[in-house]
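The values are calculated or read from the model by the stated rules, or taken from the named source; none is laboratory data. Predicted, not measured: the structure shown is a model, and the values here were computed from it. Note that we place each Cβ from the backbone using ideal geometry, even for glycine, and neighbour counts take in every protein chain shown.
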Amino acid sequence: MTVGSSAQQVRDLVYKTFAREGRAPSLAEMARHTGAEPQAVLQMLQALAEAHAIVLSPDGDAIRMAHPFTAAPMAFVVTPADGYDDRRWWGGCAWDSFGISAALGIDVRIDTACPYCGAQITTSAGPEVPPDAELAVRFPKPASEWWNDVVATCTMIRMFCHRSHAERWTSENAPDQGYIADAPTVWRLAGPWYGDRLDPGFQPHSREHNQQLLENCGLTGSFWQLP
């Protein structure tokens with residue numbers, strides 16, 4: 001679905017604000033920067049949400065997510081790896097956390113906790129720097145169901161300190177459900193999936209494009225078939 005030029009301006013503002021300040025712009029900010037009336041901005045936000053370019057809050061009047069960024073605290077904290085840049089971002093999931101690095105083109109530190117044992121997980125990642133190889137990422141639902149409730153899906157794409165912990169968690173909480181991937185595979189997917197999100201004139205990828213990205217990372221079979 002192609003995004004119109006007016007909605008594109010709003011979308012670009014959302015992403016620039018997330019990148020620069022780690023937050024979503026308010027409705028008033030978007031109206032002021034675009035010169036549009038608030039009601040017109042709301043309509044543009046709804047069009048962007050329909051195109052899966054952003055995710056709105058339950059009331060539909062604020063930005064909830066603009067993948068890979070999220071406006072609300074979630075399980076991942078992403079910070080620049082150099083230690084001198086004081087920006088902070090919430091990662092909606094493990095995949096999005098790698099995606100923030102890809103979108104910004106910087107090395108980052110990712111902090112989270114293993115859902116199975118509760119251990120603190122800290123890993124570095126960057127456009128050319130893969131995460132620790134022993135880490136695992138569990139996807140809770142098949143790709144065809146991700147957007148049924150995308151916030152809930154993101155919430156459960158968690159990082160585990162080892163594949164065995166992801167397998168034990170699954171056995172105890174969701175037997176025979178989900179898919180466990182090694183973190184470097186998810187990192188490889190995040191690069192081309194999210195790396196162009198801040199490009200001028202970005203348009204949402206086609207289904208065919210994204211399906212090919214999954215296949216390029218070895219993520220094939222019915223679980224990975226997009227709707």
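For the range 4-40, the candidate set comprises residues that are among the hydrophobic types (A, V, I, L, M, F, W, C) and surrounded by 21 or more Cβ atoms within 10 Å (Cβ to Cβ); within that set, the residue that is farthest from Tyr194 (Cα to Cα) is Met30. Condition check for Pro58 on (1) surrounded by 14 or more Cβ atoms within 10 Å (Cβ to Cβ); (2) in a loop (DSSP other than H, G, I, E, B); (3) out of contact with any helix residue (DSSP H, G or I) (no Cβ under 6 Å at 6 or more places or on another chain): one failure, at (1). Quickly run through the range 41-50 and pick out the residues that are touching a residue at least 24 places away in the same chain (Cβ under 8 Å), buried (at least 16 other Cβ atoms within 10 Å of the Cβ) and out of contact with any strand residue (DSSP E or B) (no Cβ under 7 Å at 6 or more places or on another chain). Hits for the range 41-50 are Val41, Met44, Ala47, Leu48. If only residues of the range 103-123 that are among the small types (Gly, Ala, Ser) and out of contact with any Lys or Arg (no Cβ under 6 Å at 6 or more places or on another chain) are counted, the one that is surrounded by the fewest Cβ atoms within 10 Å (Cβ to Cβ) is Gly118.
Yes or no, residue by residue, for (1) within 18 Å of Gly191 (Cα to Cα); (2) β-branched (Val, Ile, Thr); (3) outside the structural domain of Tyr15 (by TED's automatic domain parsing); (4) under 14 Å from the mean Cα position of the chain (by Cα):
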residue: Trp89; (1), (2), (3), (4): yes, no, yes, yes
residue: Phe98; (1), (2), (3), (4): yes, no, yes, yes
residue: Arg109; (1), (2), (3), (4): yes, no, yes, no
residue: Thr123; (1), (2), (3), (4): yes, yes, yes, no
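Restricting attention to the range 172-195 and to residues that are exposed (fewer than 14 other Cβ atoms within 10 Å of the Cβ) and charged (D, E, K, R), the residue that is modelled with the highest pLDDT turns out to be Glu172. Of all residues in the range 13-40, those satisfying the criterion of being over 22 Å from Cys93 (Cα atoms) and either in a helix (DSSP H, G or I) or in contact (Cβ under 8 Å) with a residue 40 or more places away in the chain (or both) are Leu13, Leu27, Ala28, Glu29, Met30, Ala31, Arg32, His33, Thr34, Pro38, Gln39, Ala40. Of Glu208, Glu145, all but one fail to be assigned by TED's automatic domain parsing to the domain that holds Gly91, within 30 Å of Asp12 (Cβ to Cβ) and touching a helix residue (DSSP H, G or I) at 6+ places or on another chain (Cβ under 8 Å); the exception is Glu145.
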